[in-house]
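The values are calculated or read from the model by the stated rules, or taken from the named source; none is laboratory data. In this text, all values refer to a predicted model and were calculated from it rather than measured experimentally. Heads up, the Cβs are rebuilt from the backbone with ideal geometry, glycines too, and the neighbour counts pull from every protein chain shown.
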Amino acid sequence: MNINLKQIATIRSPFSDLKNMPVQPVGAKDTYATIEFKDEFIDGLKDLDGFSHVYLIYYFHKIEMHSLSVIPFNDKTNTSRGVFSTRTPMHPNSIGLSVVKLIGVEKNIVTVQGIDILDGTPLLDIKPHIGDFDRIEGEIKNGWMKSSYQEVSEIRSDERFIV
């Protein structure tokens, strides 16, 4: 099997350093960014402006190492966790996922709010959030994560995932 991914756009955010960034969109709720789509993908943006939120699927292009065991920013106990039970960038494929508020679409520029992503990050895909389909019903479990909404919104990155 051959997997081929294309960069469809570049995310332009105010974060130019991997240190001191929000570690989740909730920590960047008032931060705006633009996403510059390549000309060949402009037609794919038709009708996107009718949605309030979008999923951004992107490549952690500054991550140079991977680990199956990490200590996440949000772990109050400072315990090593399996990487697949975390949202750290240390996953084997370095793919990130964020849900952000869609502010507007104009030609090849998409403006979003609530961005926690490094400037220059390659965007692999964008998908609309659809409330009726993306809602989770029933019991929700958050595993080891014990941090509150407020605590997560205040956490900033450090150098632990930087080579």
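Looking at segment 38-60, can you tell me whether even one residue there is under 26 Å from Ser157 (Cα atoms), touching a Phe, Trp or Tyr at 6+ places or on another chain (Cβ under 8 Å) and β-branched (Val, Ile, Thr)? If you could, list the steps in order and put the result at the bottom.
Residues of segment 38-60 that are under 26 Å from Ser157 (Cα atoms), as a first pass: 53-60.
Restricting the remaining residues to those that are touching a Phe, Trp or Tyr at 6+ places or on another chain (Cβ under 8 Å) gives none.
No, segment 38-60 contains no residue that is under 26 Å from Ser157 (Cα atoms), touching a Phe, Trp or Tyr at 6+ places or on another chain (Cβ under 8 Å) and β-branched (Val, Ile, Thr).
Here's the yes/no breakdown for (1) more than 17 Å from the chain's Cα centre (by Cα); (2) part of a strand (DSSP E or B):
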| site | (1), (2) |
| --- | --- |
| Val110 | no, yes |
| Asp119 | no, no |
| Leu124 | no, yes |
| Val152 | no, no |
| Glu159 | yes, no |
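Somewhere in segment 49-59, is a residue among the charged types (D, E, K, R), part of a loop (DSSP other than H, G, I, E, B) and either within 22 Å of Thr86 (Cα to Cα) or at pLDDT 95 or above (or both)? No, segment 49-59 contains no residue that is among the charged types (D, E, K, R), part of a loop (DSSP other than H, G, I, E, B) and either within 22 Å of Thr86 (Cα to Cα) or at pLDDT 95 or above (or both). Among the candidates Ile140, Ile63, the residue that is out of contact with any Gly (no Cβ under 7 Å at 6 or more places or on another chain) and either assigned to a helix (DSSP H, G or I) or under 26 Å from Ser16 (Cβ atoms) (or both) is uniquely Ile63. With the condition kept exactly as written, say whether any residue in segment 85-97 is over 24 Å from Val54 (Cβ atoms) and buried (at least 17 other Cβ atoms within 10 Å of the Cβ). Yes, that holds for at least one residue.
Taken together, the residues in segment 80-90 that are over 18 Å from Lys19 (Cβ atoms), in contact with a strand residue (DSSP E or B) (Cβ under 9 Å, 6 or more places away or on another chain) and not in a strand (DSSP E or B) amount to 3. Taken over segment 107-153, the criterion of being among the small types (Gly, Ala, Ser), closer than 17 Å to Pro25 by Cα and loosely packed, with under 11 Cβ neighbours inside 10 Å is satisfied by Ser148 alone.
Just the residues that are charged (D, E, K, R) and in contact with a strand residue (DSSP E or B) (Cβ under 7 Å, 6 or more places away or on another chain), please, taken from segment 32-79.
Of segment 32-79, the ones charged (D, E, K, R) are 36, 38-40, 43, 46-47, 49, 62, 64, 75-76.
Across segment 32-79, the qualifying residues are Glu36, Lys38, Asp49, Asp75.
In this entry, His66 is excluded by the filter for residues that are closer than 14 Å to Ile11 by Cβ, surrounded by fewer than 19 Cβ atoms within 10 Å (Cβ to Cβ), over 11 Å from the mean Cα position of the chain (by Cα) and at pLDDT below 95. Please indicate, with yes or no, whether at least one residue in segment 129-144 is touching a strand residue (DSSP E or B) at 6+ places or on another chain (Cβ under 6 Å) and of a type outside the set (Phe, Trp, Tyr). Yes; the residues of segment 129-144 include at least one that is touching a strand residue (DSSP E or B) at 6+ places or on another chain (Cβ under 6 Å) and of a type outside the set (Phe, Trp, Tyr). Selection over segment 37-48 of residues that are of a type in the set (D, E, K, R) and surrounded by 13 or more Cβ atoms within 10 Å (Cβ to Cβ) gives a count of 1. Checking each residue in segment 40-72 for being in contact with a helix residue (DSSP H, G or I) (Cβ under 6 Å, 6 or more places away or on another chain) and touching a residue at least 60 places away in the same chain (Cβ under 8 Å) picks out only Val70.
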